[in-house]
Amino acid sequence: MKTNYHTHHYLCNHATGKTEDYVKEAIKIGLEVLGMSDHAPNTRVNDQGVRMKPSDFPFYLEDIEDAQRKYAGKIKILKGIEVEYFYDHEEYYEFLREKLDYLIHGQHYISMTKRMDDLISGFNLKTVEQINRYASYLEDAIESGYFDIIAHPDLYMNNYPKFDKYAVSVAHRICKSAKKHNIILEYNANGYRRGGKNTEKGFFPNYPRLEFWKIVKEYNCKTIFSSDCHSPEFLYNDTVKEAEEVYLKMGLNNVEYLELKKK
Ligand SMILES: [Zn+2]
Ligand SMILES: [Zn+2]
């Protein structure tokens, strides 16, 4: 691992550490690029306890800029954010793109009506209709052009245990769209810290799902590995190394470095 573009910050209230804490750890493990990407503020989502407040956003930028100055020449530090795709947020994405180096798309919620008042968790999709809707959100997010990386694209498998023909079809829709728009799909090591199955052959997380990534490989989509760490010591700990080993063994099209879009 030479880069990590998916890094959280204490501002989201379910992570620890500020930029400098992650930078120190990144230097220790020899990263060349560290991208900060905490959960974006959005007062229209009913989860204010797990994302930064809009009033914290200027501080978030300053905190990254301070680290950029202090560690100049030692490591490249980038300003990013992780944000969901919702249907009437164009101005917001324009605003974020203006302020940041890159945007990570992470669809933690979907709505069956494409509204904001009936969101359901992306971690808890159970029906064919729901996973198909998840696919639509990802296709539309990719098509919008606002995002650089699609985080944990296989999150829809978190609570949909069988990789059946419907799950296969969702994977094809996401990969087809990613390939067409040349966008990067993220292999998310944080999935290894969540639920999964222990078998004789080892631990299999609910996501990332091997079956999904085999389809990604068929399409030769661009991919990236990231730790999605919520604490500095998880930037590259044993769990992340275990995930990295699986990722590298698959021989996916690994870009490693993100090419920043011109502003
Ligand atoms: Zn988080
Ligand atoms: Zn994240």
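The values are calculated or read from the model by the stated rules, or taken from the named source; none is laboratory data. A quick note: this is a predicted structure, and the numbers were derived from the prediction, not measured. For the accessible areas, the whole protein counts, side chains as well, though only heavy atoms, and no ligand, DNA or RNA atoms are used. Shrake-Rupley method; radii C 1.70, N 1.55, O 1.52, S 1.80 Å.
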*With every protein chain in place, the chain: carbon and sulfur % of accessible area (1.4 Å)*: 49
_Can you give me the long-range amide H partners of Gly35? Hydrogens built in the peptide plane at 1.01 Å from N, cutoff under 5 Å, separation of 5 or more residues or another chain._
Asn4, Tyr5, His6, Leu78
*At 1.4 Å probe size, with every protein chain present, just tell me what the per residue accessible area of the chain comes to in Å².*
45
*Over the heavy atoms of Met112, what accessible area does a 1.4 Å probe trace out, to the nearest 10 Å²?*
80
*So what is the relative contact order of segment 3-254, in percent, for Cα pairs below 8 Å that sit 6 or more residues apart?*
19
*Calculate one ³J(HN,Hα) per residue across segment 73-85 by plugging θ = phi - 60° into the Karplus curve 6.51 cos²θ - 1.76 cosθ + 1.60, and present them in order as whole Hz with x for glycine and proline.*
x, 9, 7, 8, 10, 10, 9, x, 7, 10, 8, 6, 9
_Heavy-atom SASA rank of Glu245, Glu256, Glu84, Glu94 (probe 1.4 Å, accessible area, largest first)_ = Glu245, Glu94, Glu256, Glu84
*Karplus-derived HN-Hα couplings along segment 32-49 (A = 6.51, B = -1.76, C = 1.60, θ = phi - 60°), whole Hz, x at Gly and Pro*: 8, 10, 10, x, 8, 8, 6, 5, 5, x, 6, 6, 8, 9, 7, 8, 4, x
*Starting at the first residue of segment 134-145, write each ³J(HN,Hα) from the Karplus equation 6.51 cos²θ - 1.76 cosθ + 1.60 with θ = phi - 60°, in whole Hz, x for Gly and Pro.*
4, 4, 4, 4, 5, 4, 5, 4, 5, 4, 5, x
